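One structure is given here, and the rest of the page talks about it.
The values are calculated or read from the model by the stated rules, or taken from the named source; none is laboratory data. Everything numeric in this text was worked out from a predicted model, so none of it was measured. Ideal geometry is used to build each Cβ from the backbone, glycine not excepted, and the neighbour counts take in all protein chains shown.
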Amino acid sequence: MALNLGTRPVLRILKYTRNISFNAQNKSQRALAKERISKPPQSLRVAAAERQKKEFPNDIGLFPETFIMPTGKNKPSIFQNPTERYHLELQRVKTRFVDKFSQFYYKFVLRRSKPRPSLQNWSLRRITLDLQSQMYLAFAAGDVARLREMCADGLYNSFRSRISQRSPSSQYEWRLESVSRLKTRVVSNKASPLPVGNDSKDPSRACGMRQVVVRIVSKQRLILRNPKESPQPGHDHDLAESKDKVKEVTEYLVLQRKMWMGVEEPWSIWGMAKETRWSDWLRDKEAFAERLTQHR
């Protein structure tokens with residue numbers, strides 16, 4: 001009798017522990033099955049990310065509210081037109097503040113884990129001048145493959161169209177004679193998240209875009225090696241178009257850099273921008289506000 005009384009509690013404890021183990025195992029299996037349903041396998045996620053990357057355009061246009069302060073004759077006089085000059089100066093200060101915040105968000109919030117994105121603000125002028133030289137050298141040589149690698153779709157299509165109009169016997173050579181280091185500067189520096197990825201629980205899925213506008217003041221020369229052919233008229237970017245002629249050019253080169261699933265890609269060239277005119281700024285701002293009202 002004593003043996004039976006002693007073994008019954010033990011049996012109950014063993015049965016209880018087996019039930020706990022069985023229930024815990026069931027809960028673990030259900031949680032694992034739920035995770036598998038809600039979270040696809042790694043291979044599927046990688047394949048989906050690669051498909052999204054291929055489908056996502058590399059030319060999304062110039063960022064909204066990109067402000068480029070007019071210079072020289074285009075800048076309103078503080079004496080003749082003080083109101084417009086005041087609004088332009090105020091807008092420049094506001095834009096700089098917003099741009100700084102967008103860079104902070106891009107670096108420290110969009111991707112919260114290390115390694116963090118590299119802003120490279122101190123190297124932007126050097127990077128821009130290097131890409132500008134590579135772009136014009138490739139254009140002069142008719143190197144369409146190289147232009148495809150470094151240019152966004154819109155700029156690439158423009159270069160390819162002009163190259164296709166050349167005579168097969170034509171040979172061009174582009175030379176950069178000099179660059180004004182004082183006048184060459186960054187005039188816009190924006191960052192923005194992209195409407196894909198960006199899972200707050202998974203920093204490695206961060207997707208964003210940088211867009212930088214650099215003013216380059218330089219002297220360039222475009223030489224036509226075939227004397228029987230005249231250069232094509234209507235050059236898009238104000239290069240010297242007559243044989244062996246040096247021309248001073250002011251360009252606003254727009255660079256962009258994409259961060260896809262936490263990995264930053266190399267800098268590429270979006271195209272050219274123009275100085276902001278106050279009338280155009282107001283018109284674009286009103287149009288943007290109207291679009292927002294329509295989507296509410």
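Report whether or not Ile78 is more than 26 Å from Arg181 (Cβ to Cβ), among the β-branched types (Val, Ile, Thr) and outside any helix (DSSP H, G or I). Yes: the conditions hold for Ile78.
Within the range 102-117, the only residue that satisfies the criterion of being surrounded by fewer than 11 Cβ atoms within 10 Å (Cβ to Cβ) and under 27 Å from Ile269 (Cβ atoms) is Pro115.
Applying the condition of being among the β-branched types (Val, Ile, Thr) and farther than 23 Å from Val186 by Cα to the range 74-93 and asking which residue is surrounded by the most Cβ atoms within 10 Å (Cβ to Cβ) yields Ile78. Residues in the range 272-281 that are out of contact with any His (no Cβ under 9 Å at 6 or more places or on another chain) and either closer than 18 Å to Asn157 by Cβ or surrounded by fewer than 19 Cβ atoms within 10 Å (Cβ to Cβ) (or both): Ala273, Lys274, Glu275, Arg277, Ser279, Asp280. Of all the residues in the range 197-212, those that are buried (at least 19 other Cβ atoms within 10 Å of the Cβ), at pLDDT below 90 and of a type outside the set (Gly, Ala, Ser) number 1.
Exactly one residue among Phe101, Phe67, Phe97 is aromatic (Phe, Trp, Tyr) and in contact with a strand residue (DSSP E or B) (Cβ under 9 Å, 6 or more places away or on another chain), and that residue is Phe67. Total residues in the range 163-187 satisfying the condition of being closer than 30 Å to Ala145 by Cβ and either at pLDDT 95 or above or touching a strand residue (DSSP E or B) at 6+ places or on another chain (Cβ under 9 Å) (or both): the figure is 13.
Take the conditions (1) of a type outside the set (Lys, Arg); (2) farther than 25 Å from Arg181 by Cα; (3) at pLDDT below 95; Leu155 misses just one of them, which is (3).
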